[in-house]
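As structure tokens, the structure follows; a few thoughts come after it.
The values are calculated or read from the model by the stated rules, or taken from the named source; none is laboratory data. This one's a predicted model, so the numbers in the text were calculated from it and none came from an experiment. Every residue, glycine as well, gets a Cβ built from its backbone with ideal geometry; the counts of neighbours run over all protein chains shown. What goes into the accessible areas is simple: the full protein's heavy atoms, side chains included, and nothing from ligands, DNA or RNA. Shrake-Rupley method; radii C 1.70, N 1.55, O 1.52, S 1.80 Å.
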Amino acid sequence: MHHMTLAEIARGLADKKFSSEELTKTLLARIAQLDPQLNSFISLTEELAMSQAKAADARRANGETGALLGAPIAHKDLFCTQGIRTSCGSKMLDTFKAPYDATVVAKLAAAGTVTLGKTNMDEFAMGSANESSHYGAVKNPWNLAHVPGGSSGGSAAAVAARLLPAATATDTGGSIRQPAAFTNLTGLKPTYGRVSRWGMIAYASSLDQGGPLARTAEDCAILLQGMAGFDPNDSTSIDEPVPDYSTSLNDSLQGLRIGVPKEYFGAGLDPRIADLVQNSIKELEKLGAIIKQISLPNMQHAIPAYYVIAPAEASSNLSRFDGVRFGYRCENPQNLVDLYKRSRGEGFGAEVQRRIMVGTYALSAGYYDAYYLKAQKIRRLVKNDFMAAFNEVDIILGPTTPNPAWKLGAKNSDPIAEYLEDVYTITANLAGLPGLSMPAGFVDGLPVGVQLLAPYFQEGRLLNVAHQYQLNTDWHTRTPTGF
């Protein structure tokens with residue numbers, strides 16, 4: 001049962017080939033057996049899972065249907081879950097149990113999903129490797145000596161290892177798409193505002209967006225259907241109707257205009273990945289797509305702009321963790337200043353401290369105009385480049401990452417090298433656009449992804465293109481050895 005996709009599970013449950021309770025027991029046993037190799041979970045929720053599975057079976061017995069009814073998933077450990085630890089991968093929140101469910105969690109629970117647990121992640125979603133977690137690094141199931149990508153590496157590793165069919169994730173600068181590429185999954189970052197951020201602990205509020213990680217575009221469509229929608233509790237949520245993403249999966253690609261930015265193929269791209277991207281382009285051409293070279297001239301400025309804006313917002317968001325109201329508190333503080341200093345110094349890891357310091361500096365009175373304001377102006381230029389491009393093409397295609405997954409620890413002493421791995425993904429977050437990564441081949445036995453970007457609220461088009469590509473290729477069906 002563990003090899004089934006969400007779509008196959010939905011059909012199996014509908015045909016009464018197995019129950020949600022049977023499936024849940026099977027997957028929980030598999031997690032107990034295999035996850036010690038991966039470290040992809042922070043918390044398991046066996047009791048909750050079994051009660052939700054029994055409830056889902058009862059709902060089906062009463063005639064209720066639904067693609068997610070009885071489907072097992074897991075949540076990235078920054079989605080608040082009532083009465084369950086929500087740690088953000090940090091010592092700061094190691095003992096925090098959320099008093100309410102995030103909107104995403106509540107919506108998926110109402111749809112009948114079964115929560116198996118909370119997945120490991122880079123601390124406060126800050127990282128591209130899933131090595132900064134207080135609970136230890138996550139391993140890539142394709143090669144346990146390599147990173148799975150971050151910050152949603154726990155969700156990605158668990159789905160790739162067939163511990164469960166799909167999981168929620170978040171993307172601030174590529175944290176759904178990059179782990180998807182590194183672990184041979186399909187991952188979708190929706191348009192900013194499409195999925196509620198209420199109850200999703202913030203890293204950078206103007207960039208964060210929740211989305212699905214699964215093995216196929218079809219499964220991403222099913223999970224996104226349950227996650228998306230307007231939420232009055234979230235002031236950045238957009239009141240836009242949610243289409244049925246599954247109905248457009250089989251639309252023809254005949255005449256689809258695909259733009260390929262020339263800036264994507266510079267010196268930093270592994271030439272073997274460039275070849276796989278070209279192979280993907282040829283496959284889409286066979287399906288009727290028209291390829292056109294385009295330009296995104298301000299892409300070169302995206303990384304410095306992002307690494308000013310994101311840390312600045314993190315500095316503001318994480319100021320609430322002060323040892324006073326909730327979270328970690330140091331022992332025997334001498335005074336209020338000592339309480340603040342030691343609680344934050346002991347509760348936050350090195351990468352989080354680094355980004356808070358960068359962000360606080362960028363927001364300080366003497367440097368706000370020179371750094372933060374200038375970065376926001378570059379952000380507008382990046383968005384304008386995309387708007388101009390989408391006047392000529394329907395979607396944009398390129399590599400998801402410049403390199404395959406690197407070895408654990410390989411970039412720990414050089415944070416800038418790790419930041420540069422986000423070069424193709426962060427522009428979608430700066431502009432608020434939807435983006436998807438889909439499996440496109442292997443380099444040295446490690447998966448490689450191709451990224452698709454579309455205009456606002458065109459998630460359906462991305463899923464359609466990825467689904468048609470997956471009907472004609474088999475990269476997404478490959479399974480890591482031993483799992």
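A compact table of results
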| item | result |
| --- | --- |
| Ala29-Met50 pseudo-label distance in nm [points 7 Å out on the Cα-to-Cβ vector] | 1.4 nm |
| Solvent-accessible ranking of Ser155, Ser19, Ser413, largest area first, probe 1.4 Å | Ser413, Ser19, Ser155 |
| Accessible area, probe 1.4 Å, largest first, for residues Arg11, Arg325, Arg85 | Arg325, Arg11, Arg85 |
| Net charge of neighbours whose Cβ lies under 15 Å from the Cβ of Gly153, counting Lys and Arg as +1 and Asp and Glu as -1 | -4 |
| Within the chain, helix-based [θ] at 222 nm, where runs of 4 or more DSSP H residues each add -39,500 (n - 2.57), nearest 500 | -11000 deg cm²/dmol |
| Among beta bridges that DSSP assigns inside the chain, antiparallel share in %, nearest 5 | 70 percent |
| The stretch 85-198 - accessible surface per residue (Å², probe 1.4 Å) | 17 Å² |
| Peptides ranked, highest mean first, by Cβ atoms within 10 Å: ranges 279-292, 112-125 | 112-125, 279-292 |
| Tensor-based shape of the stretch 380-483 (alpha-carbon gyration tensor, a/c under 1.5 rounded, otherwise prolate or oblate) | oblate |
| Gyration tensor verdict on the stretch 115-188 (Cα atoms; rounded if a/c is under 1.5, prolate if a/b is larger than b/c, oblate otherwise) | rounded |
| Loop-resident sites, the stretch 320-390, for GluC sites (Glu not before Pro), counting at most 14 other Cβ within 10 Å (DSSP) | Glu331 |
| Protein accessible area in the stretch 171-279, 1.4 Å probe - carbon and sulfur % | 50 percent |
| Shape category assigned to the stretch 375-436 from the gyration tensor of Cα positions, a/c cut at 1.5 | oblate |
| Lys374-Leu471 pseudo-label distance in nm [points 7 Å out on the Cα-to-Cβ vector] | 5.0 nm |
| Solvent-accessible area, 1.4 Å probe, carbon plus sulfur percent, for the stretch 1-116 | 52 percent |
| Asp251/Ala110 FRET efficiency (R0 30 Å; Cβ-Cβ; nearest 0.05) | 0.55 |
| Additional length obtainable on full extension of the chain from Asn279 to Gln82, 0.36 nm per residue less Cα span | 66.3 nm |
| Options (1) 21.2, 70; (2) 22.6, 69; (3) 22.6, 85 - which one matches Rg and Dmax of the Cα atoms in Å as calculated here | (1) |
| Residue-span extension gain [Leu420 to Glu331] - 0.36 nm each, minus C-alpha spacing | 28.2 nm |
| Burial order of peptide ranges 27-35, 211-219, 90-98, 137-145 (average beta-carbon count within 10 Å, highest first) | 211-219, 137-145, 90-98, 27-35 |
| Distance (nanometres) between label positions extended 7 Å along Cα→Cβ at Arg272 and Asp234 | 3.8 nm |
| Per residue accessible area in Å² of the stretch 327-456, where ligands, DNA and RNA are left out and the probe is 1.4 Å | 43 Å² |
